[in-house]
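Notes to accompany the following structure.
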Ligand code: NAD
Ligand code: GLY
């Protein structure tokens, strides 16, 4: 492990916290947590897959710092982000007799981070928690910023709270056991930052840095750092998404509707894949509106294709239903205001913007055309 982890500060008034990024960082978890909250006991919330691969390492690090710990192990996968599993986590935390000054450790991908974070928000009216993200997606995005949630049959992330972690420990070596498919899904949320407002980051990724993220050279730490720095800046100026934090949802309004359409079945679509198709749709819709040059749109979609991410509705096994049913799901988006839709659209690479008052009929017609179109790169 490098001597000093990369560091990003999240400057929230009264609740600042650190994001630390390094290969092998988990070995320091006990010392870091003891420094954060001396004498605290911890409950680790994780999933079965992560527990099988990495829980012992985390427990050893806690033992080395004499931190008392218990583990709450949930099934892996998106369907764990539910009321029922939230109830199980909350009751297990209470059964472990954690007090308000003890800590919850969210040790897993975005599913565990969102679930354990929400449990931390509501147990004893709010407990502190530490994010120890174990997927690329969670390291570049979901572990930072305090959005916590579970899903509803009505839609994705519709039940939740803003509750910031007290610390984020991103050990990039944990990603060595992640599948290629999950790495690609996390890459969609990584390249998103370039597409939103950092053309230099996009160029860097497209030029080849993306391969280093996958192979695990030091590019991986740099990419997580760049993503977290970008997200931390947005969160610090708009924690509750009253303004430009919505930009971080590039591709998500479409993507969430697709996840709902497949019933959150990971065999058909996982979150980052939905975001990838959603970003491709956002760029194609922007081109349809005359906002973005065709060459930029084609370039972005070709890059996502080259990485192996899906970019078209037709690539979802089993299909995603028709345009009308997708629009019904989109209408549940949290950004809907008096029936009008808000989408993140773009004028070019790194030139995304928030478009309010998008006519639902225009989206439905666009989706119908997308569903009817022949497969092609753009
Ligand atoms: P996930 O948590 O389901 O993890 C993906 C899979 O990888 C799971 O099967 C998990 O068991 C496995 N896994 C995790 N770490 C592993 C490791 N180190 N080695 C091997 N396997 C491992 O999914 P995700 O993609 O991390 O997160 C998706 C979720 O994040 C979605 O629910 C999405 O809504 C949410 N999200 C939240 C935010 C936010 O700001 N809160 C942002 C983006 C996404
Ligand atoms: N992933 C979007 C956000 O945190 O705002």
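The values are calculated or read from the model by the stated rules, or taken from the named source; none is laboratory data. All figures in this text were calculated on a predicted structure; none of them were measured in a lab. Glycine gets a Cβ as well: all are built from the backbone with ideal geometry, and neighbour counts include every protein chain shown.
At-a-glance table
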quantity: Lone qualifier among 244, 238 - being surrounded by fewer than 18 Cβ atoms within 10 Å (Cβ to Cβ) and in contact with a strand residue (DSSP E or B) (Cβ under 8 Å, 6 or more places away or on another chain); calculated: 244
quantity: Failed criterion for residue 275 (all others in (1) part of a loop (DSSP other than H, G, I, E, B); (2) near ligand 2 (Cβ under 10 Å from one of its atoms) hold); calculated: (1)
quantity: Yes/no for residue 188 being surrounded by 24 or more Cβ atoms within 10 Å (Cβ to Cβ), in contact with a helix residue (DSSP H, G or I) (Cβ under 9 Å, 6 or more places away or on another chain) and assigned by TED's automatic domain parsing to the domain that holds residue 261; calculated: yes
quantity: 1 or more residues away from ligand 2 (no atom under 16 Å from the Cβ) and over 18 Å from the mean Cα position of the chain (by Cα): qualifying helices (runs of 4 or more DSSP H) within the range 172-232; calculated: 199-204, 210-215
quantity: Unique residue being free of Cβ contacts under 8 Å to residues at least 12 places away in the same chain, surrounded by fewer than 18 Cβ atoms within 10 Å (Cβ to Cβ) and away from ligand 1 (no atom under 16 Å from the Cβ) when the list is 295, 314; calculated: 295
quantity: Residue in the range 315-331 that is at pLDDT 95 or above, within 15 Å of ligand 2 (Cβ to nearest atom) and out of contact with any strand residue (DSSP E or B) (no Cβ under 7 Å at 6 or more places or on another chain) present; calculated: no
quantity: Subset of the range 129-147 (residues that are part of a strand (DSSP E or B) and more than 7 Å from ligand 1 (Cβ to nearest atom)); calculated: 129, 130, 131, 132, 133
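Each row is one residue, and each column tells you yes or no for (1) closer than 23 Å to residue 331 by Cβ; (2) crowded, with 23+ Cβ neighbours inside 10 Å.
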{"site": "219", "(1), (2)": "no, no"}
{"site": "269", "(1), (2)": "yes, yes"}
{"site": "277", "(1), (2)": "yes, yes"}
{"site": "283", "(1), (2)": "yes, yes"}
{"site": "289", "(1), (2)": "yes, no"}
